Every structure is written in C-alpha cells, then in structure tokens.
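These notes concern the structure reproduced below.
The values are calculated or read from the model by the stated rules, or taken from the named source; none is laboratory data. Note that this is a predicted model, so its numbers are computed, not measured. Backbone-built Cβ (ideal geometry, glycine too); neighbour counts: all protein chains shown. What goes into the accessible areas is simple: the full protein's heavy atoms, side chains included, and nothing from ligands, DNA or RNA. Shrake-Rupley method; radii C 1.70, N 1.55, O 1.52, S 1.80 Å.
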Amino acid sequence: MPSYSFTNKRTNLYIFLSAVFLVNAIIAEIIGVKIFSGEATLGLKPAQIHLFGDFVLDFNLTAGAVIWPFVFITSDIINEYFGKAGVRRISFLTAGFVAYSFLIIYAVTTLPPAQFWLDVNAKDGAGNSININNAFQMIFRQGLGIIIGSLTAFLIGQILDASVFQYLRGITGSQKIWLRATGSTLVSQLIDSFVVLGIAFYVFGNWSLGQVLAVGIINYLYKATTAILLTPLLYLAHNIIDKYLGKEHAQELANESSMSSFM
C-alpha cells in the first residue's frame, strides 16, 4: 500500500499539473484572436510562399500558439504518471471551463459601457480617437465557428495524443520518453491543426480549402518544430517529479498509469 505521504504528493502533483494545463489552455484560447507575423518577430521579410493556386502564404500564427506547446508537454507528463484517464479527465474539464469563459466574456461585452470610461479612454497614447468599448468587444469576442472549431480540435487532439502516447509507451516501456511524447504530439497536432481551421473558417467561415490547407501546414510545422525543441524541458520536468515523489514511487506511479491504460 502506498504511504500516506506519497498519496498526498500524488494528489498534489495531479492538482498542480491540471492547474498548469487548465490555465495555459484557457489563456491560449482567449489570446488566440490575435495573429502575429513570425517573420517580423525574427526581423525577416514576409515569406510570400505561393501554395494551392493563387493563395500567398506568410508565416502568420495565432498568439495562442506561443503557449500551446506547454499544454502539450503538460498533457504528456500527466499521461506518463496518471494515464489516459488522467488526461481525459482534465481535457473534458478544461473544455468545459473554456466554454464557460467564452460565455462570461460574451455576457460582459453586452453590458452598456459607463460614459466616464468611454471619455477617459477616448484617445490612445498618440492622440488618435478610439472607442474603447468597440475595441473591447473586437478583442474578446470570438465567432461561434472559432469556438466550436477550437473546442472540437482540442478534445480530438487530446484524446488522440493520450492514446498514441500510451501505445508508444507499450512499445518503449519506461525508456525513450522523447519518442512517445514527441511522437504523440506530432500525430495529434496533425489532426488538430486542420480540424480547428476547417470548422472555424471553412465550415463556418469563407476560407477556401486551399487556404485551410496552406495555413494548417504552417501551424503544424510550428507545433512540430516546437515540440521537438522543447524535449529537454520534458526531461527536466520528469527529473523534478522523480525527486519530488521519490524515484521508486515515481516509477511505480508511471507503471500503474501504463497498466490501467491497457486494461
């Protein structure tokens, strides 16, 4: 039987990892409305790549992509120690809280603005006239198609990621963490990158199939590259957890999660 101290540590670890996962996912969804230029960030000229006919593609990414890799890593760590059930539990909980967040945001954007708030924010720092209430609505309100596409892609991606991770763990055992973590991310994000764009901008929007494919390719390349580059961070997290739980207890927990995933 596990000691009372280990049981507490295991519970605290799951709560902490779930909180990191939940917070980063919600933030990524909210800030995702902004699109930034990857080339400009690096001081480069626009790529101007011609793909799928006349569509010209630059390396433009949603701001949410900046922190989504940390969601992937946290998901893999939860999977390692708590199995597919642990990932599914926090994934559905997160999807619910994301939906709740959007409902609250939509509700507050409908509230009538106070006149003094409009007056004191009538100009920006350069003296240009602005309507702060319109800006607030434009920034925080996202279309129904984007929300549905994002939540659908998130759940499909997480469930697929958890399944592929445990499949690879069955092959690699406790070795080669990088293979199952990176491999599961590469597979799940291939689906995620196109599902969210397809639903949000093709089904509910006015994008052509070529635009969806072109932007999806860029998003996937970014996610795949980032997943590989962040592999050392994954090992660092595992080392910290092993020290926190104790090497034997950490291995025991990982073995239990693997066994329960195949039962």
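Only protein heavy atoms count here; under a 1.4 Å probe, T185 has an accessible surface of about 10 Å².
Sorting the segments 85-94, 100-109 by their residues' average number of neighbouring beta-carbon atoms within 10 angstrom, most packed first, yields 85-94, 100-109.
Between [x] 1.26; [y] 0.99; [z] 1.04, which entry matches Rg/Rh (Cα atoms, Kirkwood Rh) as derived from the coordinates of this structure? Only one option fits the structure, namely [z].
For a modelled paramagnetic label at D242, 7 Å from Cα along Cα-to-Cβ, the residues of region 162-199 in reach, with backbone nitrogen under 16 Å, are 173-181.
Counting 0.36 nm for each residue step from A85 to I67 and taking away their Cα separation leaves a gain of 4.1 nm. Axis of helix 247-261 versus longest Cα principal axis of the chain: the two differ by about 70°, to the nearest ten degrees.
Size check on region 42-155: the Cα extents along the three principal axes, sorted descending, read 54, 40, 26 Å. What lysines does K34 reach when the alpha-carbon gap must be under 27 Å and sequence neighbours fewer than 8 apart in one chain are set aside? Candidates past the 8-residue exclusion: K45, K123, K223. Taking every pair of alpha-carbon atoms in region 169-211, what share in percent sits in each 10 Å bin, from 0 to the bin with the longest distance? The calculated distribution, bin by bin, is 26, 30, 20, 17, 6. About its Cα centre, region 108-216 has a charge dipole of approximately 340 debye under the convention of +1 per Lys or Arg Cβ and -1 per Asp or Glu Cβ, with nothing else charged. Multiplying the residue separation of F92 and I159 by 0.36 nm and subtracting their alpha-carbon distance yields 23.1 nm. Put simply, the Cα atoms of region 108-169 extend 59, 25, 16 Å along their principal axes, the longest span coming first. Toward the positive end of the charge dipole of the chain, with +1 on the Cβ of Lys and Arg and -1 on the Cβ of Asp and Glu, the farthest Cα among S101, G210, G145 is that of S101. Simple point charges give the picture: +1 on the Cβ of Lys and Arg, -1 on the Cβ of Asp and Glu, and for the chain a dipole about the Cα centre of about 400 debye. From its DSSP helices (H runs of at least four residues, each -39,500 (n - 2.57)), the chain gives a residue-normalised ellipticity at 222 nm of -24500 deg cm²/dmol. Based on C-alpha pairs under 8 angstrom that are at least 6 apart in sequence, region 1-106 has a relative contact order of 31 percent. Once C-alpha pairs closer than 8 Å and six or more residues apart are averaged by separation and normalised to the residue number of the chain, the relative contact order reads 24 percent. For region 172-240, the square roots of the Cα gyration tensor eigenvalues, ordered a ≥ b ≥ c, give a/c of at least 1.5 with a/b greater than b/c, which places it in the prolate category.
Between region 148-167 and region 189-206, the C-alpha centres lie 14 angstrom from each other.
Tally up the carbon and sulfur contribution to the accessible surface of the chain as a whole percent, 1.4 Å probe, everything protein left in place. Heavy-atom surface of the chain belonging to carbon and sulfur, 1.4 Å probe: 69 percent.
Rounded to the nearest whole Å², what accessible area per residue is found for the chain with the 1.4 Å probe? Accessible surface, normalised per residue, equals 54 Å². Between the helical axis of 177-197 and the longest alpha-carbon principal axis of the chain there is an angle of about 30 degrees. Expressed as a rounded percentage, what relative contact order does region 136-251 have, with Cα pairs under 8 Å and six or more residues apart? 28 percent.
Size descriptor for region 1-81, Kirkwood hydrodynamic radius: 15.6 Å (Cα pairs only, one decimal).
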